[in-house]
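As structure tokens, the structure follows; a few thoughts come after it.
The values are calculated or read from the model by the stated rules, or taken from the named source; none is laboratory data. Everything quoted here is computed from the prediction, not taken from an experiment. A quick note on method: Cβ atoms are made from the backbone with ideal geometry, for glycine too, and the neighbour counts reach across all protein chains shown.
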Amino acid sequence: MILIVGAGPMAVQYANVLKGLDQPFQVVGRNAQSAEAFHAAVGVEPCTGGIEAYFNSEHPAIQCAIVAVSVEQLEHASTYLLDQGVKRLLVEKPGGLTLEAIERLKHKADASGAMVYIAYNRRFLSSVIKARELIKEDGGVTSFNFEITEWSTIQGIPKADGVKENWFFSNTTHVTDLAFYLGGRPRQLCTFTAGSGSLSWHSRAARFCGAGETHEGALFSYSGDWEAPGRWVVEILTKKRRFIFKPLETLQVQLLNSVAVTPVDIDTTLDTQYKPGLYLQVEHFLTHNEEGLCSLAEHLENSRTYMRIANYV
């Protein structure tokens, strides 16, 4: 049996995928309000009272679990499942609010002999899958750049304590994970931040830039200004093409010796029917196909890089 932990909007998206995959599942949430909304959206009635109540009552054997609770609860829910002997977890990003939380979860997973994956569904976008095919065809990545700007409207969104203060982990890692997944993981990195204290909701930095080199020798740069207009963008360059993800769900290409930018024809059926990237991510998780999945070990190494980029020291 597959267990979805959480009954909020993201849990609804996972449930729709599991129904599409014809997989049996149960759902556990905390309160009646979210359970009612989930039931109305999916047609499945969640158990309430939280995972502690669920495991203290009669329940089927759980082969794997999808953890889709709010960010501040991810570490606790995942750790509890590991303590209950669940050996395969797909945990919503970023797995924990801080580097220390991710390190604790990794230690617990290793001690439990469990496989834990962090759910960066953008790795499974149709645009990303197609680009990876074409990048390989071109002989690999030579350089890349990406923008990590967040919008100031975040200031007015209610969040639990610590979530906004750790917003780079909570949200910005969506785009940084994708950039390094496509371009390669850093071997060398030089980082700069500015604007400490200028944002009421994120006191440590407001502007970010840096550059480095991947283990494969590709050069990269990034920038972000959370006080200015902008958006997430990733651009991957090869000797033949520039691949532009703007927005990330789309793919445009600029050919060598041309200024024309043209969209790439891709099959977006799954990204239209389900939350983009989610169907293939869950399918890979359930079939033990690790291609594209972000292991907790990989995420921990990446998170050490995110600490430097965000200046979370």
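The table below gives the values:
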| quantity | calculated |
| --- | --- |
| Count of region 26-76 residues which are over 20 Å from Tyr117 (Cβ atoms), touching a Ser or Thr at 6+ places or on another chain (Cβ under 9 Å) and of a type in the set (Val, Ile, Thr) | 1 |
| Tally, over region 1-24, of residues that are in a helix (DSSP H, G or I) and either more than 18 Å from Lys93 (Cα to Cα) or without any contact (Cβ under 8 Å) to a residue 12 or more places away in the chain (or both) | 5 |
| Count - residues of region 85-118 that are over 20 Å from Ile51 (Cα atoms) and small (Gly, Ala, Ser) | 2 |
| Some residue of region 43-55 being among the charged types (D, E, K, R), surrounded by fewer than 20 Cβ atoms within 10 Å (Cβ to Cβ) and not in a loop (DSSP other than H, G, I, E, B) | yes |
| Residue among Leu280, Leu248 that alone is surrounded by 19 or more Cβ atoms within 10 Å (Cβ to Cβ) and assigned to a loop (DSSP other than H, G, I, E, B) | Leu248 |
| Residue that is nearest to Asp22 (Cα to Cα), among those in region 299-313 that are in contact with a strand residue (DSSP E or B) (Cβ under 8 Å, 6 or more places away or on another chain) and not polar (S, T, N, Q) | His299 |
| Any hit, region 219-237, residues being of a type in the set (Ser, Thr, Tyr), crowded, with 21+ Cβ neighbours inside 10 Å and assigned by TED's automatic domain parsing to the domain that holds Glu137 | yes |
| Any chance Val27 is free of Cβ contacts under 8 Å to residues at least 60 places away in the same chain, in a loop (DSSP other than H, G, I, E, B) and surrounded by 15 or more Cβ atoms within 10 Å (Cβ to Cβ) | no |
| Matching option when the condition is under 21 Å from the mean Cα position of the chain (by Cα), under 30 Å from Thr305 (Cα atoms) and in a helix (DSSP H, G or I), among Leu97, Leu82 | Leu82 |
